[in-house]
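Okay, so here's the structure we're looking at.
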Amino acid sequence: MRVQVGIIGGGPAGLLLSQILHRAGVDNVVLEARSRAYVLSRIRAGVLEWGSVEVLRSAGIGERMDREGHVHDGTGIAWSGRGRFFIDTRKYAGKPMMAYGQTNITEDLFAARDAMGGLVIDEAEDVTPHELNGERPYLSYRKHGETQRIDCDFIAGCDGFHGVSRSVIPASVLHTVEKLYPFGWLGVLSETPPLEEIVYARHARGFALASQRNPMLSRYYIQCPLDTQIEDWPDDKFWAELKARFPPELADRIVTGPSIEKSIAPLRSFVAEPMRYGRLFLAGDAAHIVPPTGAKGLNLAISDVFYLSRALIAHYRGNDGYLERYSDMALRRVWGAARFSWWLTLLLHRFPDQTEFDERARESELDYLARSEHAQRSLCEQYAGLPFED
Ligand code: APR
Ligand code: PHB
């Protein structure tokens, strides 16, 4: 087989890239290691920046999002003992936000790929990129025991943090920067009506978050130690701990019910640079991870794909400028979100070794945010998402 772009990974980054390229007449194939059912069963993030909403719409997959997604003005911060604080992106950044789950986006992308006859090969084993420094790179993989080869002009590494793409870049070329946090998030999905607003709660017992997927589907998280076992958190214990971290007036409004999913994710910041090696281009979690505070992971995957699709389409129209600048452009936005997510994580979580000084400085920071319009504008500009570069 021969295609213009070979895409490794069929998560949101890979499928969206495939969709945008196909619509622009750039033929491509997606190679995904897992089954489609497995990809669609993963519960991930759920808050979209408006720039992401527009990218999804212009890729032709905005219809259900516009019908079922929840457009909202921003996010609350509940800080024990203090009044309501609201990150009002509509007021200070001129843009609302959209609550719409990554699982739904992935479903919409699969449906759109099928409708256009897009080629997504799942359960592809041992996917390997070759000859990345030459003019003729290719992909090999195994399916039903047979080895296959796909020749391409370019390869897009959209295979997530544990994928193969980043690992084939020589250590002498790839620079990685990492920060680990001494806690994780224990998340629960339940078929109960969510709070109207998404709320981050900062409390002496630890951080908590109330989020949403649709009018009858809620997503909640609590900060937990890294060695936490899911078995030790039956639903009753989870709900009691969640409510203990919210102010009583919000806790009383949280509707509990049986969990339909429960998972633990450690928090990490990670950036790999450059996001290009010869004819291989990285996008999404393959190149970077941010802690979930601030909900930037999915939005960064979408912005990488926006830049990369524009660059590849321009290449086929005779202009290589964007392709040459892809890594620098994407990384500026990645570092902006990495800094923001790190800062919001520091502000809202309880660290095992924190001192009284750390605590008082955080309180002072929240007071400043609450009083200063400049500070709120800056926070909202970043939470709503920085604009794409031309
Ligand atoms: N070969 C083929 N596919 C692979 C390989 C491989 N060697 N390794 C991983 N994959 C697939 C995974 O099974 C997954 O479906 O690549 C896909 C990567 O998808 P994601 O991990 O969802 O990453 P991405 O598409 O970049 O989306 C980023 O996911 O983790 C969240 O916060 C993150 O919301 C953001 C989004
Ligand atoms: C989510 O809905 O899963 C979510 C919302 C906000 C975040 C992180 C995750 O900051």
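The values are calculated or read from the model by the stated rules, or taken from the named source; none is laboratory data. Fair warning: this is a prediction, and the values are worked out from it, not measured in the lab. Using ideal geometry, Cβ is built from the backbone for each residue, glycine included, and neighbour counts are taken over all protein chains shown. Ligands, DNA and RNA are stripped out before the accessible areas are found, and what is left, the full protein with its side chains, is counted by its heavy atoms. Shrake-Rupley method; radii C 1.70, N 1.55, O 1.52, S 1.80 Å.
For every residue, the table says whether it meets (1) open to solvent by 10 Å² or more (accessible area, probe 1.4 Å); (2) out of contact with any helix residue (DSSP H, G or I) (no Cβ under 8 Å at 6 or more places or on another chain); (3) under 19 Å from S303 (Cα atoms).
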residue: M1; (1), (2), (3): yes, yes, no
residue: I7; (1), (2), (3): no, no, yes
residue: L17; (1), (2), (3): no, no, yes
residue: A24; (1), (2), (3): yes, no, yes
residue: S52; (1), (2), (3): no, no, yes
residue: G74; (1), (2), (3): no, no, no
residue: G83; (1), (2), (3): yes, no, no
residue: D88; (1), (2), (3): yes, no, no
residue: G101; (1), (2), (3): no, yes, yes
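Residues checked against (1) within 16 Å of ligand 1 (Cβ to nearest atom); (2) touching a residue at least 60 places away in the same chain (Cβ under 8 Å); (3) on the phi > 0 side of the Ramachandran plot:
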{"residue": "G187", "(1), (2), (3)": "yes, yes, no"}
{"residue": "L195", "(1), (2), (3)": "no, no, no"}
{"residue": "N214", "(1), (2), (3)": "no, yes, no"}
{"residue": "S218", "(1), (2), (3)": "no, no, no"}
{"residue": "I230", "(1), (2), (3)": "no, no, no"}
{"residue": "V255", "(1), (2), (3)": "no, yes, no"}
{"residue": "A265", "(1), (2), (3)": "yes, yes, no"}
{"residue": "R279", "(1), (2), (3)": "no, yes, no"}
{"residue": "A286", "(1), (2), (3)": "yes, yes, no"}
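Whenever a residue of the stretch 105-129 is of a type in the set (S, T, Y), its partners that are open to solvent by less than 30 Å² (accessible area, probe 1.4 Å) and in a helix (DSSP H, G or I), lying with C-beta atoms within less than 6 angstrom and at least six residues away or across chains, give the pairs T106/P12.
The residues on offer are L346, L366, and the sole one that is modelled with pLDDT under 95 and assigned to a helix (DSSP H, G or I) is L366. Search the stretch 55-78 for residues being outside any helix (DSSP H, G or I) and aliphatic (A, V, I, L, M), and hand back the single one that is farthest from ligand 2 (Cβ to nearest atom). For the stretch 55-78, the residue satisfying everything is A59. Looking only at the stretch 26-45, residues that are more than 6 Å from ligand 1 (Cβ to nearest atom), in contact (Cβ under 8 Å) with a residue 60 or more places away in the chain and either more than 11 Å from T106 (Cα to Cα) or aromatic (F, W, Y) (or both) come to 5 in all.
Of everything in the stretch 41-54 that is at pLDDT 95 or above and part of a helix (DSSP H, G or I), the residue that is nearest to G94 (Cα to Cα) is W50.
P352 meets each of the listed conditions (1) over 30 Å from D27 (Cα atoms); (2) in a helix (DSSP H, G or I) apart from (2). Evaluating R332 against the criteria (1) within 16 Å of ligand 2 (Cβ to nearest atom); (2) of a type in the set (K, R); (3) in contact with an Asp or Glu (Cβ under 8 Å, 6 or more places away or on another chain) leaves one unmet condition, (1). Residues in the stretch 158-182 that are assigned to a strand (DSSP E or B) and surrounded by fewer than 16 Cβ atoms within 10 Å (Cβ to Cβ): H175, T176, V177, E178, K179, L180, P182. When H288, H349 are checked against the criterion of being touching a strand residue (DSSP E or B) at 6+ places or on another chain (Cβ under 6 Å), open to solvent by less than 10 Å² (accessible area, probe 1.4 Å) and closer than 20 Å to V199 by Cα, H349 stands alone in meeting it. Among (1) touching a Lys or Arg at 6+ places or on another chain (Cβ under 8 Å); (2) within 16 Å of ligand 2 (Cβ to nearest atom), there is one condition A251 misses while meeting the rest; what is its number? Condition not satisfied by A251: (2). Looking across the stretch 79-103 at every residue that is part of a helix (DSSP H, G or I) and within 15 Å of ligand 2 (Cβ to nearest atom), the one that is farthest from L186 (Cα to Cα) is identified as T89. Residue count for the stretch 356-390 satisfying the condition of being within 23 Å of the chain's Cα centre (by Cα), touching a residue at least 60 places away in the same chain (Cβ under 8 Å) and farther than 10 Å from A93 by Cα: 3.
Are any residues in the stretch 204-242 open to solvent by 40 Å² or more (accessible area, probe 1.4 Å) and either in contact with a Lys or Arg (Cβ under 6 Å, 6 or more places away or on another chain) or within 23 Å of H70 (Cα to Cα) (or both), and if so, which ones? Correct list: R205, N214, P215, M216, I230.
Residue-level check: of (1) in contact with a Gly (Cβ under 6 Å, 6 or more places away or on another chain); (2) under 20 Å from P291 (Cβ atoms); (3) not charged (D, E, K, R), N133 misses just (2).
Among the residues of the stretch 33-50, the ones that are open to solvent by less than 20 Å² (accessible area, probe 1.4 Å) and more than 16 Å from ligand 2 (Cβ to nearest atom) come to 1 in all.
How about the stretch 134-165: which of its residues are near ligand 1 (Cβ under 10 Å from one of its atoms) and farther than 18 Å from V120 by Cβ?
F161, H162
The set of residues from the stretch 326-342 being over 14 Å from P292 (Cβ atoms) and either touching a Cys at 6+ places or on another chain (Cβ under 7 Å) or open to solvent by 40 Å² or more (accessible area, probe 1.4 Å) (or both) comprises D328, R332, W335, R339. Only one of the numbered conditions (1) more than 28 Å from R245 (Cα to Cα); (2) in a helix (DSSP H, G or I); (3) open to solvent by 60 Å² or more (accessible area, probe 1.4 Å); (4) not polar (S, T, N, Q) is violated by D126, and that is (2).
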